Amino acid sequence: MPNLESFHACNPSFTICLQTEDYYVNLAATRGEDAVKRMRRAIALSPNKPTYQLLSGHIGSGKSTELLRLKLELEQQGFAVIHCAADQYLQIDDVGLTEIWLVVLTMILQQIEKKGDLLSLAYLPNAIAEIEKWMRISAPIGISSYVQRLQRVLQALQDNEQHRRQLDHYLEPRLKNSLIAAIEEVTKIEVDRLKQLGKKGLVILVDNLDRLSLEQAEIIFGEGGKYLRQFPCHMIYTLPLPVHTGDKFQQQFEKYGNAPIILPNLQLCDRDGVINSESLKLLRQIVLARMLPNIQLEQRLEQVTDCFDHLETLDRLCLASHGHLPYLLSLLQGCLQRQDPPIDLETLQQVLENDRAMRLSTISDRDRQLLQEYLTNDQELTPEALNLCRRLLLFEHHDASGSWFSSPFTTN
């Protein structure tokens, strides 16, 4: 029977711990490609030469979960891996290249200082002192840790928009060379230390940059793309989906040979509305894994009536999600807030109707016009379409003929 612990796991914001929990379901078979395997092989085939990879996809497609799976597999192969959720340290709607550098530097230094190693650095002290001076941060009396000083700088940046403007417009041009030198110096120290300990190398996963605005992404991954490679280790960044369609970004990717790996949404139905039975089976497993985590995968479906009144109710829930995983869990959580399992069809219908009414209330006349265009014609993903997708009003899918869209909302 499902218990309180499983209710927590049904929260869309719940983070899976792949080492100790049985909530993970591998969706590679229906995505068409195993993105984790591809990224892992790129690193394994170049252990001594830094690699630079980009992972893209709609918010909710599962990038963070797949990066955590990649972290586990790389650690099992002998790499040291740092996973950085950028939005925990930065104002993600107002962030610059230097701030990303400072966060990654902080996380590398945390690894070094955690071991109690004393650092003699040539470039970082002056760079930090310059930032502290211009941001008018008081002198760090009694603070010898670079990590603590960088954390004070990052906190001040989060608290004060003017500080962020100063960093972007004045300090970044002045500090770029010294910061690049500091990045290279600190990263090399950590990579050498790790290899002395028998590790194959250092991998840094910078997550949640897919939440950047398109304008920010164009600056950071377009004009600033070459600077994201300055860390002499293996780097993987997430980025917003449409970035790869712009001319500037395409030129960058062609120049450096790093087109983003796209993690598509799970396709539940084809263009004609025919249900993909394999995708439906996997979504069933995602739901049942959260509700029955201690049951073997093969046995979960046998106990479906502990969770739902009928298998058809579970299928109705899965189909209503359009293959969007956080949306699926959000609907499931809505049901659990109304009744204990087994969830019946009437409760699910109430949740779907309430959710539909809430989303309909946000639709403007322009939204209706756009929905009509995207649902009736072949269209490329544009910033306006991305906005509809992020609001869960529109869902993008891919097949051999290209991309297409679906929506739970009519335009009437």
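Any read-out appearing in this document is the output of simple, stated calculations on the displayed coordinates, not a laboratory observation. Predicted model only: the values in this text are computed from it and were never measured. Note that each Cβ is placed from the backbone with ideal geometry, even for glycine, and that neighbours are counted across all protein chains shown.
Site pair residue 338 and residue 390 shows an inter-label distance of 3.0 nm when each label is modelled 7 Å from Cα along Cα→Cβ. With the Kirkwood sum run over all distinct C-alpha pairs, the range 254-353 has a hydrodynamic radius of 14.6 Å.
If you take the beta carbon distance between residue 369 and residue 122 as r and set R0 to 56 Å, what does 1/(1 + (r/R0)^6) give as a FRET efficiency, to the nearest 0.05?
Details: r = 58 Å, r/R0 = 1.04.
E between residue 369 and residue 122, to the nearest 0.05, is 0.45.
Sorting 391, 164 by the number of Cβ atoms found within 10 Å of their own Cβ, with the fewest placed first, yields 391, 164.
Considering only 115, 133, 281, the mean-square fluctuation computed in a Gaussian network model of the chain, springs between alpha carbons under 10 angstrom, is largest for 115. When Cα extents along the principal axes in Å is computed from the coordinates, the matching label among (1) 66, 47, 41; (2) 64, 47, 32; (3) 63, 44, 38 is (1).
Candidate membrane-span-like segments in the chain, meaning DSSP H helices with Cα atoms spread over at least 15 Å of their own axis and a Kyte-Doolittle mean of -0.5 or above, are 97-114, 124-134, 146-159, 172-196, 277-291, 325-336, 345-360, with no membrane implied.
Our coupling estimate for the range 263-269, obtained by passing each phi through the Karplus curve with A = 6.51, B = -1.76, C = 1.60 and θ = phi - 60°, is 9, x, 5, 6, 8, 7, 9 Hz, Gly and Pro reported as x.
Taking 18 Å as the limit for the C-alpha separation, the pairs 37/195; 49/114; 115/199; 37/199; 115/188; 49/195 exceed it in the case of 37/195; 49/114; 37/199.
Normalised by the number of residues in the chain, the average gap of Cα pairs under 8 Å and 6 or more apart makes the relative contact order 23 percent.
Of all DSSP beta bridges located in the chain, what percent are antiparallel, nearest 5?
Working: 6 of 24 bridges.
Here the antiparallel bridges make up roughly 25 percent for the chain.
Take the Cα of residue 401, go 7 Å toward its beta carbon, and the backbone nitrogen atoms of the range 357-394 under 13 Å from that spot belong to 376-379. Each residue, residue 298 and residue 377, gets one label point 7 Å from its Cα in the Cβ direction; the gap between the two is 5.2 nm.
The chymotrypsin sites (Phe, Trp or Tyr not before Pro) of the range 316-412 include none that meets both conditions, a loop assignment by DSSP and at most 14 other Cβ atoms within 10 Å of the site Cβ. Residues whose amide H comes within less than 5 Å of that of residue 269, counting only those at least five positions distant or on another chain, are 276 (H built at 1.01 Å from N in the peptide plane).
Between 229, 366, 41, the residue with the greatest mean-square fluctuation in the GNM of the chain (Cα pairs under 10 Å linked by springs) is 366.
If neighbour count is taken as other Cβ atoms inside 10 Å, put 134, 101 in order from fewest to most. Display every interim value, and only then the final one.
Values: 134 15, 101 23.
Lowest to highest Cβ neighbour count: 134, 101.
Would you please classify the overall shape of the range 365-406 from the alpha carbon gyration tensor, given that a ≥ b ≥ c denote the square roots of the eigenvalues, rounded means a/c under 1.5, and beyond that prolate means a/b larger than b/c while oblate covers the rest? It comes out prolate by the Cα gyration axes.
Under a 5 Å amide H cut-off, with hydrogens placed 1.01 Å from N, residue 52 pairs with 235 among residues at least 5 apart or on other chains.
At 0.36 nm per residue, minus the direct Cα-Cα distance, what do residue 160 and residue 138 gain on full extension? Give it in nm, one decimal, please. Could you put the intermediate results ahead of the total?
Details: separation 22, 0.36 × 22 = 7.92 nm, distance 1.52 nm.
Between residue 160 and residue 138, full extension yields 6.4 nm more.
Among 83, 58, 169, sorting on how many other beta-carbon atoms sit within 10 Å of each Cβ, with the fewest leading, yields 169, 83, 58.
Which is farthest toward the positive dipole end of the chain among 276, 45, 409, measuring Cα position about the Cα centre, with Cβ charges +1 (Lys, Arg) and -1 (Asp, Glu)? Among 276, 45, 409, the one farthest towards the positive end of the dipole of the chain is 45.
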